[in-house]
Amino acid sequence: MSLQPDKILIVDDEPDIATILKLHLRESGYLTEWAADGETGLDLLRANNYSLVLLDVRMTGISGVEVLRRLRAENIDSAVIMMTAHGNENLVAECMKTGAADYVAKPFDIDDLLHRMERAIANRRTLKEKQLLEQEKEDFFFMLSHDLKNPITAVVGSIDIMREGRLGPVNSEQIDYLQSAIESCEEVVTMIDNLLDMQRYNSGRMNIRITNVDPLSILADAVRRFFPAAERENILLTLTAESSTSEIAVDISIMARVIANLVGNALKFTPEGGFITISCRSIKQSELHCIERPHYAVLPNVFPVPESYALISVSDNGNGISPAELTCIFERYVQAGNSSRRGQGGAGLGLAFCKKAVEDFNGCIWAESVEDSGSEFFILIPCHVADASYTNQMPEPCS
Ligand SMILES: Nc1ncnc2c1ncn2[C@@H]1O[C@H](COP(=O)(O)OP(=O)(O)OP(=O)(O)O)[C@@H](O)[C@H]1O
Ligand SMILES: [Mg+2]
């Protein structure tokens, strides 16, 4: 907190009022300056940093409302309390819309004015602190994506060149080690991507590009990507699907990351010798009621009503999740007890990202699990939208 006294600017063309105000404010520990008209007030505001302006509405020269308008246009962020003897409701509304923090009618009660000033200054301080925190957060995320992610991508590229034997012969054991180094790097990149995307979702700046795509192509890519890791752990990774699955309307790269998060989790939480099965089938709108879902997995009402949905699932026979934890694993930074028991690391962001993304596609996601027996994650996504197109709109939440 600042130990400097707050600086207050009084803009009023009546010297008597300005003098009385100055005396009271000084007694209360404020530093004060006075401008006898709007133009002088604006000049002082441009040159100094005031915590608060007490601004008379009706003055000779430009009006207080005009001063307020100009200082907001110039991004001068001092808090402003308007003062007038000629107030009416429309004027109050106009001042508040233009960015005044408060409004007092002359003749004012000095205790009331001091109370309002304190509140306006405290609010301005809180807002500035929030803006500063936001900026620091932005800088941190910028650092994450550039200073951390880019070098990891370069490391993966170099290891890959070695693994392919382009820098000299490598034996199968060395290939295995290099491959697992690549996978660890990819895990870190996925975590960073999840973190960045959650930040984008939260700030409403997530860009999505919806197109119609065959879900099998995304699922087959995931199997190809995770097959070597599964094989090393002696885990059977399979894909079972109807031969003709309808297209789904999704952002392909975001959907691919959703599936990668689910398969990555299944791999983390399934012991050697286990199995992971990815499956996909179509569900008609009329059959939806047969699919039992927990209360949080609600499909949003969309128009036109989708004729069918793709039901994608990723199941494993890993260590499972307790019933109590099952309801909150889709929240940010939540990890179930199994995570620490097995020292699996991670940030607890993967499923939160999956939920946001699936809801963006007007679908829903949920999980079923039996502790020590396995888990199954389900996604319902509407099939083929006639006018699938680019969009970066935030969707209605799935609830
Ligand atoms: N297939 C699964 N089997 C057992 N537990 C799971 C499974 N998938 C998720 N979980 C539990 O849900 C938690 C949250 O998963 P989530 O993907 O959000 O985070 P994470 O994998 O721990 O970290 P991150 O994805 O950020 O690297 C996990 O920590 C784990 O406890
Ligand atoms: Mg995860």
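The values are calculated or read from the model by the stated rules, or taken from the named source; none is laboratory data. Predicted model, so just to flag it, every value in this text is computed and none were measured. A quick note on method: Cβ atoms are made from the backbone with ideal geometry, for glycine too, and the neighbour counts reach across all protein chains shown.
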Review point. Would a scan of segment 100-119 turn up a residue that is within 16 Å of ligand 2 (Cβ to nearest atom) and surrounded by 15 or more Cβ atoms within 10 Å (Cβ to Cβ)?
Key: no
Practice item. Restrict the check to segment 302-315 and report whether at least one residue is in the same structural domain as THR238 (by TED's automatic domain parsing), assigned to a loop (DSSP other than H, G, I, E, B), more than 9 Å from ligand 1 (Cβ to nearest atom) and within 20 Å of the chain's Cα centre (by Cα). Key: no
Practice item. Answer yes or no as to whether ASN88 is over 29 Å from GLU187 (Cβ atoms) and at pLDDT below 90. Key: yes
Review point. With respect to ARG46, is the statement that it is surrounded by fewer than 16 Cβ atoms within 10 Å (Cβ to Cβ) and either in a loop (DSSP other than H, G, I, E, B) or not aromatic (Phe, Trp, Tyr) (or both) true?
Key: yes
Point to revise | Criterion: touching a residue at least 24 places away in the same chain (Cβ under 8 Å), surrounded by fewer than 17 Cβ atoms within 10 Å (Cβ to Cβ) and not assigned by TED's automatic domain parsing to the domain that holds LEU351 - qualifying residue of LEU148, LEU195 | key: LEU148
Exercise for review: Kindly list, by first and then second residue, each pair from a residue in segment 258-269 that is closer than 7 Å to VAL314 by Cβ and assigned by TED's automatic domain parsing to the domain that holds ASP316 to a residue that is more than 6 Å from ligand 1 (Cβ to nearest atom) and in a helix (DSSP H, G or I), limited to pairs with Cβ atoms under 7 Å and residues at least 6 apart or on different chains.
Suggested key: LEU262/CYS354; VAL263/ALA222; VAL263/PHE226
**Study point:** Among the residues listed as GLU368, GLU359, the single one being part of a helix (DSSP H, G or I), buried (at least 16 other Cβ atoms within 10 Å of the Cβ) and modelled with pLDDT of 90 or more
**Key:** GLU359
Point to revise | When residues of segment 237-271 are limited to those that are within 15 Å of ligand 1 (Cβ to nearest atom) and not in a helix (DSSP H, G or I), the one surrounded by the fewest Cβ atoms within 10 Å (Cβ to Cβ) | key: PRO271
Point to revise | Selection within segment 97-149 - within 12 Å of ALA79 (Cα to Cα) and touching a strand residue (DSSP E or B) at 6+ places or on another chain (Cβ under 8 Å) | key: GLY99, ALA100, ALA101, ASP102, TYR103, ARG116, MET117, ARG119, ALA120, ILE121, ASN123, ARG124
Check your understanding: Can you spot a residue in segment 13-23 that is more than 40 Å from the chain's Cα centre (by Cα), surrounded by fewer than 19 Cβ atoms within 10 Å (Cβ to Cβ), among the polar types (S, T, N, Q) and within 17 Å of ILE121 (Cα to Cα)?
Key -> no
Study note, to complete from the structure: The condition of being assigned by TED's automatic domain parsing to the domain that holds ALA18 and modelled with pLDDT of 90 or more holds, among ARG72, ARG116, ARG124, ARG58, only for ARG72
Exercise for review: Return the pairs, sorted by first residue and then second, in which the second residue is in a strand (DSSP E or B) and more than 10 Å from ligand 1 (Cβ to nearest atom), the first residue lies in segment 312-333 and is closer than 22 Å to ILE278 by Cα, the beta carbons are less than 6 Å apart, and the residues are 6+ apart or on different chains.
Suggested key: ILE312/CYS280; ILE312/ILE379; SER313/SER279; SER313/PHE378; VAL314/ILE278; SER315/THR277; ASN317/PHE275; GLY320/VAL370
Review point. In segment 274-285, which residues are part of a strand (DSSP E or B) and farther than 30 Å from ILE235 by Cβ?
Key: LYS284
Review point. Can you spot a residue in segment 52-66 that is under 19 Å from GLN4 (Cα atoms) and without any contact (Cβ under 8 Å) to a residue 24 or more places away in the chain?
Key: no
Review point. Scanning segment 336-356 for residues that are modelled with pLDDT under 85 and within 13 Å of ligand 2 (Cβ to nearest atom), which turns out nearest to ILE291 (Cα to Cα)?
Key: ALA336
Review point. Among the numbered criteria (1) away from ligand 2 (no atom under 16 Å from the Cβ); (2) in a helix (DSSP H, G or I); (3) within 20 Å of TRP366 (Cβ to Cβ), which single criterion is violated by PHE227?
Key: (3)
Review point. Which of the following residues is assigned to a helix (DSSP H, G or I), more than 16 Å from ligand 1 (Cβ to nearest atom) and of a type in the set (A, V, I, L, M): LEU299, LEU288?
Key: LEU288
Check your understanding: Do any helices (runs of 4 or more DSSP H) entirely within segment 78-169 hold 1 or more residues that are closer than 17 Å to LEU68 by Cβ and more than 24 Å from the chain's Cα centre (by Cα), and if so, which?
Key -> 89-98, 110-143
